[in-house]
Every structure is written in C-alpha cells, then in structure tokens.
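The values are calculated or read from the model by the stated rules, or taken from the named source; none is laboratory data. Source: prediction; values computed, not measured. Please note: Cβ atoms are built from the backbone with ideal geometry, for glycine as well, and neighbour counts cover all protein chains shown. Side chains are part of the model used for accessible areas, which takes the heavy atoms of the whole protein and leaves out ligands, DNA and RNA. Shrake-Rupley method; radii C 1.70, N 1.55, O 1.52, S 1.80 Å.
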Amino acid sequence: MLTFFTKLDHAIKFSWQENRLICFIIFLYIVLAMLTSTLFNFAIDLRIYHRTWWISNLLFVVPALLGASVVGIIRSRPKSWTDLLQEHYLRGSILSQRAVVALPIIALFPLLFSTFTSMKHSLFIINPFLLDPYLIFIEQYVHGGQPWALLHPFLGHHAVTFLLDIGYTAWFFVIFSVLTAVSGWIERPLLRKQYLISFALCWIMLGTVFATLFASVGPCYYGHFFPTEPNPFHPLMEYLEIASVSRPLIAPVAQEMLLTSYMDPEPGLGKGISAFPSLHVAITALNTIVAWKIARFVGIVATAYLVLIMLGSVHLGWHYAVDGYFSVVAVMVIWKASGMIVRTKAQRMPVAVWSRKLK
C-alpha cells in the first residue's frame, strides 16, 4: 500500500511539473475573459464543450494513446516482443505514464475551448466588424485580383469543391486526434510542452486577441454585413450554392447556421463569426511544424494538408487569403516563443527517472 501511494505521489508531482505552465496560461485566459465579459456585459459559458469533449475523448483519446504506445514500441526495436508487451501493457507502465501526463490536458482544454467560443461569439460587442473592406483592398493589391477568382479556374469544379469541403471539415477530427496524441507524448517532453503551449496561444492570441482587434466576417458574410458595398464574392457564393445541389456541401450549411445564431445572446457549441486570422490554417501550420520533427513522410503529408486547408479556406468562402498568410507567420513566431519559454524552464526530472520510480 505504501508503494502504491509513493508511486501516486511521484505521478502527481510529475504530471503537475509537465503541465503547470499550460495550466497557468489557460487559467489566466479564463480569468481575463471573465473580466472582459463583465466589462462589456456578455456571457462566458465554461460548459459549452463539456459533454462533447468527453464523448470525443472516448472516441479519440484512448485510441490515440494506444497508438502512440505502439509507435513507441516499434521505434524502440525490442528484442523480445513477449517480454516487452508484458512489461509495458500487462504492468501498464507506458499507458499509466501517458494517462497521468495527459489527464490535466484532457480536463482543462474543454474550458479553453468554451472560453474561446464565448469570446468569439461576442467579439463584435467589443469591436464591430469593420475590417473586411481593408482586407479586400490588401488582397487586390497583393494578388492583382481576388484570390478566389484567380483560383477558380483550377478549383471551380464540383468534384474538387466537394473534396476540399470534406478535407476542410475533417480539420476538427485531425486537430483533436493530434492534440490527444501529443498530450500523452512522454518520449519527447520538451517538444510536447512546446506544442501544447503553442496550441493554447494560437486559440488565445490569434482566435481571441487578434480576432477582436481586427474583427472581420469573411467573404461568405460580406454581402450580409456590408450590403451597401459592391460584393466581389457574390459569384463565389452563387457557385457554392449550385455545387451543393450536385454534391451536398457542409460549408454553406455551416455558414448559414453561424449567421442564424449570430444575434443569439447565449454562446453555444460552434457559435461565433470571425475571419481574420484563420485558426484552421494556424493549427494546421502548427501540426505541420511538429510533423516535420517526427518524420519526413509525416511532414510531407502534413504540408499537403496545410495547402488543402489554405485553398479550402479561400475557395469555400470562409477566409481571405491574407487571413491564412498572417496565421502561418504568427504560428512560426508563437512556436519560436514557446520554444524559448520551454527551454528556459527545462524539466528537472526526466521521464526516465519518473518511470523508474513507478516500477
């Protein structure tokens, strides 16, 4: 019994050590968001993703942690598979380590996402949507025309649009799968910390701070929010409506849903309109950075998906191209800053030491 409590004590201390910085960042974000909501009189609901998050964890976390363990075993090139499986799975050392270090992330991130959604749903109260005409001007100046129109001869085919729509929607499954896998990544503790800090800062800095400072609605809503201005995206939205007839698209349905819920005073699952910058591109760019540090093939696949997301964000009317450009640059800055933070607060007790204390 004493051994059990000793191991439990070591596990709790290690989990806190590995996650305390990310816990502090999320806690500070929630506190500042609540102060802001009080100042501007809107609601912060920390329960938005509670049920959805735990259901998705049953679908993603356990398979992701098991998959990460399998990858770790394969990369270790064991001499005896029987002994290795008995040691790491029957005794549960690897799985227990992953579970202990991942648990705070699994518990805290629904609070982060709920706070983010609450802020996104009410950001126009803090700063009205006024930036879109300027973003259109910048796009016109940089590209010599509207990016969606320049891409349309290549992407404006129903089958291509349908594939981009599927890939763009799959983003939600991709990011949560990567997040859950990295949350239990005990083999690369410093890289794990850097990713999780960068991940949180993307939602906080890009999804809340910059989204509020540069409030914009995006091409799909331009005609609704700027009815007196010429709408250069009207042909694109007409095309998407026609394409939805032959092959049902998710983007137009989701865009209509967000517009319908725009004036609802209560925040809710998936609510909120915001274009600049693009979190779809930002998180995919972050995953791409980490993918290249795992293996070349993984990096190539992640880069291809990043290109797909950037094209889809423009072609499906969600974002201006400059939203994605800014996101990629901002993520690189966030990644470098997170790396500096992690290195200055390098862990004092390696995973190997903690592992030995569990045995």
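Of LYS193/LYS293; LYS120/LYS193; LYS13/LYS193; LYS193/LYS336, which pairs sit farther than 21 Å apart, going by alpha carbon to alpha carbon?
With Cα atoms farther than 21 Å apart: LYS120/LYS193.
In whole percent, and with a 1.4 Å probe on the protein chains, what portion of the accessible area of the stretch 162-286 is carbon and sulfur?
On the way: 3550 of 4930 Å².
It is 72 percent, rounded to a whole number.
If R0 is taken as 25 Å, the Cβ-Cβ distance between PHE173 and LEU150 corresponds to a FRET efficiency of 0.25.
Taking a sphere under 14 Å around the Cβ of LEU131 and counting the other residues whose Cβ falls inside, with K and R at +1 and D and E at -1, yields a net charge of -4. Note on GLU266: accessible area approximately 110 square angstrom, rounded to 10, probe 1.4 Å, nucleic acids and ligands left out.
Can you give the FRET efficiency to the nearest 0.05 for THR303 and ARG188, using r as the Cβ-Cβ distance and R₀ = 22 Å?
Numbers: r = 20 Å, r/R0 = 0.91.
The formula returns an efficiency of 0.65 here.
Annotation for the stretch 258-289 versus the stretch 11-38: alpha-carbon center distance of 22 Å. Surface exposure of the stretch 223-355, expressed per residue as accessible area with a 1.4 Å probe, stands at 49 Å².
Ranked highest first by average number of other Cβ atoms within 10 Å, how do 99-108, 313-322 line up? Intermediate results must be reported in sequence, preceding the final value.
Numbers: 99-108: 20.0, 313-322: 25.1.
My ranking of the peptides, most packed first, is 313-322, 99-108.
Heavy-atom accessible surface of PHE172, to the nearest 10 Å², is about 100 Å², with a 1.4 Å probe and all protein chains retained. If a spin label sat at a point 7 angstrom from the Cα of LEU269 along the line to its beta carbon, the backbone N atoms of the stretch 24-49 nearer than 11 Å would be those of 48-49. To the nearest 10, the accessible area of LYS13 is 120 Å² with a 1.4 Å probe. The stretch between THR260 and ILE242 holds 4.4 nm of extra length on full extension. This uses 0.36 nm per residue minus the Cα-Cα distance.
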